1. Output the residues belonging to segment C:43-77 that are of a type in the set (G, A, S) and closer than 21 Å to A:I29 by Cα.
2. Identify, from the list B:A27, B:A7, the residue that is modelled with pLDDT of 95 or more, closer than 24 Å to C:K94 by Cβ and facing chain A (nearest Cβ under 9 Å).
3. Checking B:T32 against (1) surrounded by fewer than 22 Cβ atoms within 10 Å (Cβ to Cβ); (2) away from every other protein chain (no Cβ under 13 Å): exactly one of these is not met. Which one?
4. Pairs needed: first member in segment C:85-98, at the interface with chain A (Cβ under 8 Å from one of its Cβ atoms); second member anywhere, of a type in the set (F, W, Y) and in a strand (DSSP E or B); C-beta distance under 7 Å; at least 6 residues apart or different chains.
5. Say whether the condition of being under 29 Å from A:F109 (Cβ atoms), of a type in the set (S, T, N, Q), within 11 Å of chain A (Cβ to nearest Cβ) and in contact (Cβ under 8 Å) with a residue 60 or more places away in the chain is met by at least one residue in segment C:17-36.
6. Any residue at all in segment C:60-69 that's modelled with pLDDT of 95 or more and within 26 Å of A:D112 (Cβ to Cβ)?
7. Output the residues belonging to segment A:3-22 that are of a type outside the set (S, T, N, Q) and in a helix (DSSP H, G or I).
Amino acid sequence: MAKLTIGVFSSLVGSLSLDFAVKLSEAAIKKGHSVDFWLSGNATMLSKKGQRNFKDYSALQKPVQDLLATGKFQITACEACAEARGFHKEDTMEGCKRHSMDWYLASCFSADRVLHIGGD
Amino acid sequence: MATKKLAFIVKSLPYKTEASRLALTHAIASQTVEIYLEDGDMVEPVLAFMGDGVLNCLKDQTAMNLYGVTSLEQHIKNSLLLDLKVMICKEDVERLGISEDALIMDAEDIGGETKASIAPFGEIMKEMDTSDHLLFF
Amino acid sequence: MTLGVLVSDFRNMDNILSRLKADKLGVILVSNGVYHAAVKEGGKKSSILEKSPHLYVLSEDLHSRGFAESEIDTRVKSITYSDLVDLIFNEYEKIIWI
């Protein structure tokens, strides 16, 4: 099958664009594709562990963990964007990697399709 | 050995959001992407400013002094220093009444040789056509 | 090229969309872009609907905003996330989000 790279810069909870990207990833993986998911800017919030699930708020930590369990999903946060926001390596949810921006470009290099969602 | 071309199309205004800054920093990251790739493989970025995004290209930005952040001007100059192709949409420059003098066209003051170009949108469209992937900011 | 444009907003989309040229241009209304399919302003339908014969709206985003398929312009095809995946991989070489 094929690979979709999604780059998202939208805020966790503050925008449903990140939820869109997660749902699209779920649909792509169900169809047998693989997904690389790049978080930069405000989207690095999604890399933080310990997110609480409240009814009125979108909750993406578990869906992301479920996607990771498929083995067809990689999620990577921009290290600089995360650190600037006070999210350190020890704050990162299990399975989420951290790299510099060149990781995203490398993912785009080998992707069949790239969807860049640049901001809220 | 393969080269993949990525078009970074900037339509966002600077500073209120970080969209255009991230476009520049991601494009510049092409300088180090080879650590992830096979020998000889490359990513070729093209940066194009369109719509209100051409306003990122104005000279004399003082964001560093006032907000302590690297200005878009400096990021664009860094891109030129690294020989990235930078295009500024001619129609949008004219629509907004911007003279060429007011735009960042080179990085000579920091030793750069590559110049930006004010290009008709048709040329920007051609770059998009020949790119492997498009990233709109 | 074949280009799929995910239109995510209700305002200020025309300027960009009008300028894009492709052998096949798909307009996929998602997020707040779904309002183009369902809302008239001053009695007029959105000009976005004239941009391409290939018009789609994401049903999940349509329904979450209170619209049913019966309320959208007949030129627009309602699709699911699963259909969107097929469009991305089978119909459009490049996709953008505006």
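1. From segment C:43-77, those of a type in the set (G, A, S) are C:43, C:46-47, C:52, C:59, C:64, C:66, C:68, C:70; that's our starting set.
Selection gives C:S59 alone.
2. B:A27
3. Against the list (1) surrounded by fewer than 22 Cβ atoms within 10 Å (Cβ to Cβ); (2) away from every other protein chain (no Cβ under 13 Å), B:T32 comes up short only on (2).
4. C:I96/B:F136; C:W97/B:F136
5. No, that holds for no residue.
6. Checked against the condition, which is being modelled with pLDDT of 95 or more and within 26 Å of A:D112 (Cβ to Cβ), segment C:60-69 yields at least one hit.
7. Step one: filter segment A:3-22 for residues of a type outside the set (S, T, N, Q), giving A:3-4, A:6-9, A:12-14, A:16, A:18-22.
Matches in segment A:3-22: A:L18, A:D19, A:F20, A:A21, A:V22.
One line per residue, one yes/no per condition, for (1) more than 22 Å from B:M128 (Cα to Cα); (2) surrounded by 16 or more Cβ atoms within 10 Å (Cβ to Cβ):
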residue	(1), (2)
C:L17	no, yes
C:K21	no, no
C:K24	no, no
C:V30	yes, yes
C:A37	yes, yes
C:S47	yes, no
C:Y56	yes, yes
C:D61	yes, yes
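The values are calculated or read from the model by the stated rules, or taken from the named source; none is laboratory data. Keep in mind it's a predicted model, so treat the numbers as computed, not measured. Every residue, glycine among them, receives a Cβ derived from its backbone with ideal geometry; neighbour counts consider all protein chains shown.
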